[in-house]
Amino acid sequence: TVQLTNPLNAPGAVIYDYMYNNVYGCAIPVSQIDTASLTALDVYSAQQITYNPVSGPPTTQDRYQINGPVNTGNNCLANLQQLVDACDSWLQYSELVGKWKIVINKAYTGLTTDLYHVNSDVLIGGIDINPIDLNETYNSLEVQYPNANIKDQTDFRVVDLTDPSSPWYDPTLLSYNELDNRLVIQYGQVNNYVQAVYLGVRRLLQSREDLTINFMLDYSGIQIEAGDVIRVTLEEIGRAHV
């Protein structure tokens, strides 16, 4: 039995420490780490979210913190994936600049005119628009996490969109004859139930996005990186932002 303490809990600082450390981390040279993206992650994570406690008025806390160990017996990529999952972000290696960076999963707030534009001029071949298979759509969630209130023993919360007795019940989000399909997520680096549920609900709702678009672009598409927001405009299908 051990007790661990660590002064780092800001996600960007934690990920940076693990990336460059050559003893327990990935030993990535600092020159190959996009530190600006990690700073942006810390700023976004420190923003306050409001929640209703079991008793008392609504209160706030940081959006994301990292409060758990990583298993150094795992490979670095697996551990980095766990850390970015704990702050609802993506790990990206940019071949354009030769650096590892973090892409935050959040709403796009810039001008749509600044986005890479997909239209008939840059398409090679057709475009396929397909709904996600209803049988693969999740409608309930079980979040597993080490609860700080019970000495970091594994605890869980259930979010169920299909159960009328559940506070999360919402028939407007469901389709007719939808089968029960539960998503189980483990957050080993999150010991706060508010953050664990917040992350889980975001994952559940985003898994229900019902369209996928597949297409091939000409050479101009090489500028797009994983996690980028783009604009799609086609007269045949109307207009959509992806």
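Side notes on the structure shown:
- Taking all protein chains together, Lys151, Lys101 sort by accessible area into Lys151, Lys101, largest first [probe 1.4 Å].
- Helices that extend 15 Å or more along their long axis by alpha-carbon positions and average at least 0.0 on the Kyte-Doolittle scale are, among the DSSP H runs of the chain, 35-46, 193-206.
- Using a 4.7 Å Cβ-Cβ cutoff, the cysteines of the chain lacking any partner cysteine are Cys87.
- For Ile132, the residues whose amide H sits under 5 Å from its own are Leu211, Thr212, ignoring neighbours fewer than 5 places away on the same chain, with H placed 1.01 Å from N.
- Antiparallel %, DSSP beta bridges [both residues in the chain], to 5: 75 percent
- Sequence-distant contacts, meaning Cα pairs under 8 Å at least 6 residues apart, place the relative contact order of the chain at 20 percent.
- Accessible area (Å², per residue) of the chain, counting only protein heavy atoms and a probe of 1.4 Å: 61 Å²
- Computed over neighbours whose Cβ is under 14 Å from that of Leu8, the net charge equals -3, Lys and Arg +1, Asp and Glu -1.
- Pairs of alpha carbons in the range 76-174 whose separation is greater than 21 Å (percent): 68 percent
- Between Leu217 and Ile124, the built amide H atoms are under 5 Å apart, and every one of these is 5 or more places off in sequence or on another chain.
- Summarising the amide proton neighbourhood of Lys99: residues at separation of 5 or more, or on other chains, whose placed amide H is nearer than 5 Å comprise Ser94.
- Measuring spread by the Cα atoms of the range 46-119 yields a radius of gyration and Dmax of 17.4, 53 Å.
- Net charge over other residues, Cβ less than 10 angstrom from the Cβ of Tyr64 (K, R count +1; D, E count -1): -2
- Dmax and Rg, reported as Rg then Dmax, of the range 143-202 (C-alpha, Å): 13.2, 42
- Of all accessible heavy-atom area on the range 173-233, the percent that carbon and sulfur account for (1.4 Å): 53 percent
- In the range 137-189, Cα pairs under 8 Å separated by at least six residues give a relative contact order of 48 percent.
- Computed over the range 115-242: relative contact order in percent, which uses C-alpha pairs under 8 Å that are six or more apart: 38 percent
- The residues neighbouring Leu199, those whose beta-carbon lies less than 15 Å from its own, together hold a net charge of 0 under the Lys/Arg +1, Asp/Glu -1 convention.
- The GNM of the chain, with springs linking C-alpha atoms under 10 angstrom apart, assigns the highest mean-square fluctuation among Asp121, Asp163, Asp34 to Asp121.
- The range 6-97: equivalent-ellipsoid semi-axes (sqrt of 5 x gyration tensor eigenvalues, Cα, Å): 28, 15, 11
- Kirkwood Rh in Å, taken over the chain so that all alpha-carbon pairs contribute: 20.5 Å
- Magnitude of the charge dipole for the chain, about its Cα centre and with charges confined to Cβ atoms of Lys, Arg (+1) and Asp, Glu (-1), is about 800 debye.
- Scoring 9-21, 175-187, 50-62 by mean Cβ neighbours within 10 Å over their residues and listing the highest first yields 9-21, 175-187, 50-62.
The values are calculated or read from the model by the stated rules, or taken from the named source; none is laboratory data. Every value quoted in this text rests on a predicted model; they were computed, and no experiment measured them. Cβ sites come from the backbone with ideal geometry, for glycine too, and all protein chains shown count toward neighbours. Heavy atoms of the whole protein, side chains included, go into the accessibility calculation; ligands, DNA and RNA do not. Shrake-Rupley method; radii C 1.70, N 1.55, O 1.52, S 1.80 Å.
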